[in-house]
Amino acid sequence: MPRIPLAPLASLTQTRYVIHLTTGKRLVLFRLPTIEPSATSPTPKNEAEGWSYYAMEAECPHAGGPMQDSSIDIEDSAYVASCPWHAYDFNVETGESSVGIKACTFAVDVRGAVEFGDQVILEYPEDGVGLVKMEAVSERIKLKTETAASPQQTTENDATPSGPVVYLDDKATVCDWCAHILNTSNPEHKIELTAHLFSNFTAREGTSDQMEIGDGSGVTLPAIPPRDGLVDIKPGQMPRAGRGGTQKSRIMMLHALANIEQWAIDLAIDICVRFAAFRTTTAEPRGLPRAFFHDWLKVANDEAKHFSLLRTRLEEMGSYFGAIPVHHGLWESATLTGHDLRARISIIALVHEARGLDVNPMTIDKFRKAGDEESVQSLEIIHNDEITHVTTGHRWLTWICGQEQTDPVQVFRSNVQQYWVGALREPFNTEARMQAGLDERYYGNLVGYGRA
């Protein structure tokens, strides 16, 4: 079997990497904690220092979803990667799936072969193939530090941390945490708490100490989540950003996107606590499974990452978040749909988020034409993540409708007609929408007649 050196073992510190090969093929390398290491059997060639390494194709064999963004679970003492688009699951070692299709997997050898200078080795079934590059998948939120703060942020509108982050104890429920985050006005504290909640929730899953969900009672939710250091105006009063040809124009565009991402954190957090006690309207009502809360906390964590990327980029360009007025139009849609989970998912995830899929490529193109590759890198991360967020909305609306034996397309269209104002207009990014599960039946020739 041909062997391709990837990188020194000691240099691999993150949980997943994208491998680019000279053939144009892309793979994902997973670095995961070893499950139940044996004290007597020889160490497998893909294990070292308490970590196991697996490689599989980067595109889901079902519909091409990005497996580098998959969620990882343990089933029957094996790791399973679930595609973020349609939740198809694959054993990362064998490629086998519960749905009958199989992903390509590749053996990894971390025993430090001398001929390759102690490199991690990929066994690949094709001669003449080499490594182009290996990229760590963006997982980290860029938290602000004192040394990173820009001079402009010494103003009265400064939104930098003004004290220590307040953490809840281990007895706090998901609902307790969500209410705490919604009531947190400092954006840096909000993103740090959001990342902590998702990390803590996922770390405790599969153990005897799972985080309790709660039912949303006994917590205080704000009518509008508070904001530090921002000037809030009506959406129609927002200054025009222009076409991205100047740095001032691009700063305004990034600032508007950062505002959207901060509200998106709150929207994903709010759906967990506001609808924690949701029950289906069936003969035997069902509550929401724990996977629902995992998925939306993952969305919130992504949105926190997105906000941190945009806030950091604004500072690199000599500005800061809070330098331009903002609006809370997204939260108005959340308030309008706060009584019905089906309506909330329809309007927030499948209209607002889906619209982002339509306009993101055009925004990225403007920044690329301006030569702003640093911003392009952040915007491309955001766009790829947001496909998975629309998928999450589609998945859970479909789950609810499946339980209630209703048509998700008709439920969606009915909610848009009731809670949206105006037509859903082109251009539509039909490819990205299809990847997320939305075909034209959902949004074609659709007009909302809700309250303006």
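Just a few scattered comments:
- Among residues of segment 6-36, those that are surrounded by fewer than 17 Cβ atoms within 10 Å (Cβ to Cβ) and not in a loop (DSSP other than H, G, I, E, B), counted: 7
- Selection status of residue 73, farther than 14 Å from residue 108 by Cβ, open to solvent by 50 Å² or more (accessible area, probe 1.4 Å) and in contact with a strand residue (DSSP E or B) (Cβ under 6 Å, 6 or more places away or on another chain): yes
- The residues on offer are 402, 329, 393, 322, and the sole one that is over 17 Å from residue 265 (Cβ atoms) and small (Gly, Ala, Ser) is 402.
- Matching residues, segment 76-85, being crowded, with 18+ Cβ neighbours inside 10 Å and either farther than 22 Å from residue 203 by Cβ or free of Cβ contacts under 8 Å to residues at least 60 places away in the same chain (or both): 79, 80, 81, 82, 83, 85
- Reported count of residues in segment 427-452, each being in a loop (DSSP other than H, G, I, E, B), surrounded by 15 or more Cβ atoms within 10 Å (Cβ to Cβ) and either β-branched (Val, Ile, Thr) or in contact (Cβ under 8 Å) with a residue 40 or more places away in the chain (or both), is 6.
- The residues of segment 414-426 that are more than 21 Å from residue 359 (Cβ to Cβ) and either open to solvent by 40 Å² or more (accessible area, probe 1.4 Å) or not assigned by the TED database to the domain that holds residue 333 (or both), listed by number, are 414, 417, 418.
- Among the criteria (1) open to solvent by less than 50 Å² (accessible area, probe 1.4 Å); (2) modelled with pLDDT under 90; (3) of a type outside the set (Ser, Thr, Tyr); (4) closer than 25 Å to residue 9 by Cβ, the one residue 129 does not fulfil is (2).
- One residue stands out in segment 30-63 among those that are over 14 Å from residue 109 (Cα atoms) and of a type in the set (Asp, Glu): the one that is modelled with the lowest pLDDT, namely 36.
The values are calculated or read from the model by the stated rules, or taken from the named source; none is laboratory data. Just so it is clear, the model here is predicted, and its values are computed rather than measured. All Cβ positions, glycine included, derive from the backbone under ideal geometry; neighbour counts span all protein chains shown. What goes into the accessible areas is simple: the full protein's heavy atoms, side chains included, and nothing from ligands, DNA or RNA. Shrake-Rupley method; radii C 1.70, N 1.55, O 1.52, S 1.80 Å.
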